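Heads up, the thing below is written out as structure tokens.
Nothing in this text is a laboratory measurement; each read-out follows from the coordinates by a stated rule. This one's a predicted model, so the numbers in the text were calculated from it and none came from an experiment. Because the Cβ atoms are built from the backbone with ideal geometry, glycine has one as well, and the counts that use them run over all protein chains shown.
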Amino acid sequence: VNNIVTNAIKYSLEQAKIRIFITEDEKYYKISVKDTGMGITREDLPRIFERFYRVDKARSRAMGGTGLGLAIAKEIMESHKGRLTAESEYGKGTTMTMWFPKERPELEYEHEFKAGGPTE
């Protein structure tokens, strides 16, 4: 959540608006962070979750970006059976949505514990 909100602030102009919405459907609780920042081009959008990918390389370097934040955030969400999605229109803003499953998934270490634990 911190990475998504920080990115919305970092890549928005001073007068931009950032809104956070919490909603739910049958399967997920959703946290959406919507900004009126610079947005992401249609060409770049499919790649923003790749490691080391930066939409604006020069600006990201100046701001200290490594291109890892969204990749890590997405991996964390997926490891907990959630999702991270992005919608954007260049020049108008971006909405990042974190999808948290309502049904708590069984984590790998819990599965091992039920099965008798790791062998030594």
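Within the straight-line cut-off of under 30 Å between alpha carbons, the lysines reachable from Lys34 are Lys10, Lys17, Lys57, Lys74, Lys81, Lys92, Lys102, sequence neighbours fewer than 8 places apart in one chain being disregarded. Taking 0.36 nm per residue of sequence separation and removing the Cα-Cα distance, the Glu89/Phe52 pair yields an extension gain of 11.1 nm. Label separation (Asp25 vs Glu106): 2.7 nm, computed from points 7 Å beyond Cα along the C-beta direction.
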